[in-house]
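Okay, structure first, notes after.
The values are calculated or read from the model by the stated rules, or taken from the named source; none is laboratory data. Since the model is a prediction, treat every value here as computed from it, not as a measurement. As a convention, Cβ positions derive from the backbone with ideal geometry for all residues, glycine included, and neighbour counts pool all protein chains shown.
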Amino acid sequence: MKIFLSILLILTSLFSSDIKPEKEIEVSGSVMDMKIYNDFLYIGTDTGTLEVYDIKKDTFTDKIKLKNIHDFMGDVIPPKVYSVDVLDNKKLLLAQGENGSREVYIHENNQTVKVIDKDAKLTIQKAKFIDKNLLFLGLLSNEIVLFDIKNKKQLYIKQLSQSKFSDFALNEDKTKAVISCESGINYLVQVKDAKVIKELKGGNKDNVFKIAFKNGKISAAGQDRLGVVYDEKSGNITNSYNSTFLIYATRLDDEATRAAFSFGTDNEIAIFNLTTNVKTDNLKGQKSTLNSILFYNNNTLFSGSDDKYIMKWKLK
């Protein structure tokens, strides 16, 4: 099977085109997370910043800087911003807190307010808006939390398995989430009550680093060098791609007709047509290990990695 997949990958690569970055965008520190919202790119860095880039005007418009913290050794450092999100005028920052804790901030009207502090003792790995009143949280312990912002209250907390949490992705109307973990099993849940709808499994046998959820499709980026695509309704695997190296990132376009995966040892991005199963594009030029891939429109992507350079790509 491995030999067959390798041959298939070589054959599909013959149809793909190599693409260099159209633009290189430099931020203040290593990229931790990115979000596109209303033609703006929001970037969280490991130097305590959320930086806002106007895609159409090709310029930075804002930078939110969090206060320095103390690490375990008592040294003063900038907090890493692990996760970012945007809803209307609200900007969400999940950041490193004092002595290794995690804290959540909301920035609005030029004010940054802490909504979850270190006293909550939640090892939050990812946080996203559900609406203006609710946050969806993924914890290191593979627990998910629905959090009431106004009342600073957990509406539920549910552990999905004993495996370590890796990532989650929400569907378009934020009624469902897919949670990935180190077991390779992905859990499709209802956001309102944490009910598990189904388990998506059979593809990855190890840690799923990143997960994407668009238009009824779910793509999974695996430590076992497999990029897997599932159908939400049936739970079946529709596509599977074998890389020569760990796959750290993935993304689906809005129609879920194409999937992007980090691919190979040179930090490339492979674009696959999910209908024909053909690799159509090979994006070369990322400097470090990929952690974020975003489709801006049908032919424009942005990618971030473990350095301060974001790449803008134009597909042919």
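See the values below:
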{"read-out": "Test: residue in segment 256-263 that is surrounded by fewer than 18 Cβ atoms within 10 Å (Cβ to Cβ), over 17 Å from residue 169 (Cα atoms) and not hydroxyl-bearing (Ser, Thr, Tyr)", "value": "no"}
{"read-out": "Where residue 204 falls short, out of the listed (1) within 18 Å of the chain's Cα centre (by Cα); (2) in a strand (DSSP E or B)", "value": "(2)"}
{"read-out": "Candidate set: segment 214-251, residues that are of a type in the set (S, T, N, Q) and not in a strand (DSSP E or B); chosen: the one nearest to residue 278 (Cα to Cα)", "value": "243"}
{"read-out": "Filter result (out of contact with any Asp or Glu (no Cβ under 8 Å at 6 or more places or on another chain) and under 18 Å from residue 37 (Cβ atoms)) within segment 113-138", "value": "130, 131, 135, 136"}
{"read-out": "Test: residue in segment 252-266 that is touching a Ser or Thr at 6+ places or on another chain (Cβ under 9 Å), part of a strand (DSSP E or B), small (Gly, Ala, Ser) and within 20 Å of residue 127 (Cβ to Cβ)", "value": "no"}
{"read-out": "Restricting segment 68-119 to residues that are part of a strand (DSSP E or B) and among the aromatic types (Phe, Trp, Tyr), the residue that is surrounded by the fewest Cβ atoms within 10 Å (Cβ to Cβ)", "value": "82"}
{"read-out": "Filter result for residue 133 (out of contact with any Phe, Trp or Tyr (no Cβ under 6 Å at 6 or more places or on another chain), at pLDDT below 95 and not basic (Lys, Arg))", "value": "no"}
{"read-out": "Pair list, Cβ under 9 Å, 6 or more apart: segment 179-195 residue touching a residue at least 12 places away in the same chain (Cβ under 8 Å) and closer than 16 Å to residue 237 by Cβ, other residue assigned to a loop (DSSP other than H, G, I, E, B) and β-branched (Val, Ile, Thr)", "value": "none"}
{"read-out": "Flag if residue 277 is free of Cβ contacts under 8 Å to residues at least 40 places away in the same chain and either in contact with a helix residue (DSSP H, G or I) (Cβ under 9 Å, 6 or more places away or on another chain) or within 28 Å of residue 197 (Cα to Cα) (or both)", "value": "no"}
{"read-out": "Which numbered condition residue 98 fails, given (1) under 22 Å from residue 285 (Cα atoms); (2) at pLDDT below 95", "value": "(1)"}
{"read-out": "Within segment 130-191, strands (runs of 3 or more DSSP E) holding 1 or more residues that are surrounded by 19 or more Cβ atoms within 10 Å (Cβ to Cβ) and of a type in the set (S, T, N, Q)", "value": "165-170, 176-181, 186-190"}
